[in-house]
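The values are calculated or read from the model by the stated rules, or taken from the named source; none is laboratory data. Since this is a predicted model, take the numbers as computed values, not measurements. Because the Cβ atoms are built from the backbone with ideal geometry, glycine has one as well, and the counts that use them run over all protein chains shown.
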Amino acid sequence: MAVRMNVFSQLWYAWRRLRRRNRFTKVVMVDSMDGLPKRLESSLYVVGGSQPKWVVMSCPCGCGERIDVNLMRTQRPTWQLLLQGGQISLHPSLWVPKEHCGSHFIIRNNHITWV
Ligand SMILES: [Zn+2]
């Protein structure tokens, strides 16, 4: 039984790794949360026009969870957005609570490094 569980969890992890995305394909600017489409796909959304307030994305692990990243200093936790050449970097790293998928990753120039 223990061996079977081990094979199962190895397959589970392998499958999860396959579903993972390694980069976001584009950056889309929207004025407000109302401008977000239902399906975020592999895009990064910067919300708030010239004064970005949020970066919104679909979790790149493939779980479908939406991640809202706060950029406003008045709320905690806060992330730092670097938008350069149409590509996004966020600091510090991003994580999704364990109750969901527990993903932890870094976004640099739209590329994802899994932690
Ligand atoms: Zn996820």
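I'd like the residue in the stretch 45-62 that is in contact with a strand residue (DSSP E or B) (Cβ under 7 Å, 6 or more places away or on another chain) and more than 16 Å from Ser32 (Cβ to Cβ) and, out of all such residues, is farthest from the ligand (Cβ to nearest atom). If we take residues in the stretch 45-62 being in contact with a strand residue (DSSP E or B) (Cβ under 7 Å, 6 or more places away or on another chain) and more than 16 Å from Ser32 (Cβ to Cβ), then Met57 is farthest from the ligand (Cβ to nearest atom). Could you tell me whether Val56 is within 23 Å of Lys98 (Cβ to Cβ) and touching a residue at least 24 places away in the same chain (Cβ under 8 Å)? When the stated conditions are applied, Val56 does not pass them. Taking each residue of the stretch 99-115 that is more than 17 Å from Ile88 (Cα to Cα) and in contact (Cβ under 8 Å) with a residue 12 or more places away in the chain and looking for partners that are more than 10 Å from the ligand (Cβ to nearest atom) and not in a strand (DSSP E or B) with beta-carbon atoms closer than 9 Å, six or more apart or interchain, yields Ser103/Val115; Val115/Ser93.
Residue count for the stretch 62-108 under the criterion of being assigned to a strand (DSSP E or B), over 20 Å from Gln51 (Cα atoms) and more than 11 Å from the chain's Cα centre (by Cα): the result is 1. Would it be correct to say that Trp12 is out of contact with any Ser or Thr (no Cβ under 6 Å at 6 or more places or on another chain) and either among the polar types (S, T, N, Q) or more than 16 Å from Leu82 (Cα to Cα) (or both)? It is true that Trp12 is out of contact with any Ser or Thr (no Cβ under 6 Å at 6 or more places or on another chain) and either among the polar types (S, T, N, Q) or more than 16 Å from Leu82 (Cα to Cα) (or both). For the stretch 8-39, enumerate the residues that are farther than 23 Å from Ser89 by Cα, loosely packed, with under 13 Cβ neighbours inside 10 Å and basic (Lys, Arg). Result: Lys38, single match.
Yes/no matrix, rows are residues, columns are (1) more than 27 Å from Arg16 (Cα to Cα); (2) buried (at least 18 other Cβ atoms within 10 Å of the Cβ); (3) of a type in the set (Lys, Arg):
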residue	(1), (2), (3)
Cys63	no, no, no
Asp68	no, no, no
Arg73	yes, no, yes
Pro77	yes, no, no
Leu82	yes, no, no
Gln87	no, no, no
His91	no, no, no
Trp95	no, no, no
Ser103	no, yes, no
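Of the residues making up the stretch 1-28, just one is at pLDDT 95 or above and in contact with a Gly (Cβ under 7 Å, 6 or more places away or on another chain), namely Val27. Scan the stretch 24-48 for residues that are in a loop (DSSP other than H, G, I, E, B) and either closer than 22 Å to Asn109 by Cβ or of a type in the set (Phe, Trp, Tyr) (or both) and the total you get is 6.
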